[in-house]
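To start, the structure under review is shown below, and the notes come after it.
None of the figures in this text is laboratory data; all of them are computed from the coordinates on show. The structure displayed is predicted, hence computed values, not measured ones.
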């Protein structure tokens, strides 16, 4: 048996060269050994692209750095998963993760807020966090979670979350940059319009929407994934060409083929585009090669593209403002 490398007897510069090759899971475990190892991991200056918090029966924190990732589970013991009483995230909690098929557990006495600060510190993440709510999230105090995360970048609310809990989430997490709202949790249809008029960077909405909802949109990028009607589609298109929704830069709509006579955009003066120009638009907006498009001039003088993707029984339309 070969002797183990006495890692901690080596100079810090040599240790850093060794741990540079560690997976995020190894780095996280290594950082917990002592204050020295935490400082060594932090000194790597890891470029972390995102940190997601998933709220369901368990709290899961996912750290992403390129193709490298780390998933940490909190409150996944049976006493939390099967319990009906609320979970107090202000109390110390263990963190669990999988490494090479084995379940690892760190017993450092941190509460969830302290763990989040620790994770952000060692992985050098200073941007807003992203949070996703799923079924089973009702056992956690939403206000406490908001105090822990602060303002978030992405807010995702699953349709499996109850309407009451969804409204609570939207009340406290009220300033995300990107909102994914998969159903309307409000009994009064006008209530959801409060979110259409907010100036999000991105909004995705999966429930039924009206023409008024579309015209209220104030986000830069909007994805409506519920199929619209031919009449509503044409009405919005005419408003958009006349200059409605001035902040809107990109909109995604779905319409049944039975609702459109052809792939052409009828009644609108369209300009042909070169294949190079189409290719540039596809690359910029990550569109499939099958997407065709035409160029138009809006009444306010801005140029735009209407992109059409033929998918079996439906059309995907994308309205894109050019700059």
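Here are some notes:
- Considering only 172, 313, 226, the mean-square fluctuation computed in a Gaussian network model of the chain, springs between alpha carbons under 10 angstrom, is largest for 313.
- DSSP finds beta bridges in region 186-323, and of those with both partners inside it, around 75 percent are antiparallel.
- Against the chain, whose longest principal axis is taken from its Cα atoms, helix 163-172 shows a tilt of about 80°.
- Computing Rg and the Kirkwood Rh from the Cα coordinates of region 199-241 gives a ratio, Rg/Rh, of 0.94.
- Fluctuation leader among 47, 284, 257 - the chain, Gaussian network, Cα springs under 10 angstrom: 284
- Relative to the 2.2 N^0.38 Å rule of thumb, the chain has a C-alpha radius of gyration ratio of 1.24.
- Among 38, 100, 295: highest mean-square fluctuation, GNM of the chain, C-alpha pairs under 10 Å: 100
- Relative to the longest principal axis of the Cα atoms of the chain, helix 275-284 runs at roughly 40 degrees.
- Estimated [θ] at 222 nm from DSSP helical runs (n ≥ 4, -39500 (n - 2.57)) normalised by residues in the chain, nearest 500: -7500 deg cm²/dmol
- Considering only beta bridges that DSSP places wholly inside the chain, some 65 percent are antiparallel.
- Using alpha-carbon coordinates, inclination of helix 112-122 to the longest axis of the chain, degrees: 90
- Coordinate range of the alpha-carbon atoms in region 186-323 per principal axis, descending: 47, 32, 28 Å.
- Cα centroids of region 113-167 and region 6-33: 30 Å apart.
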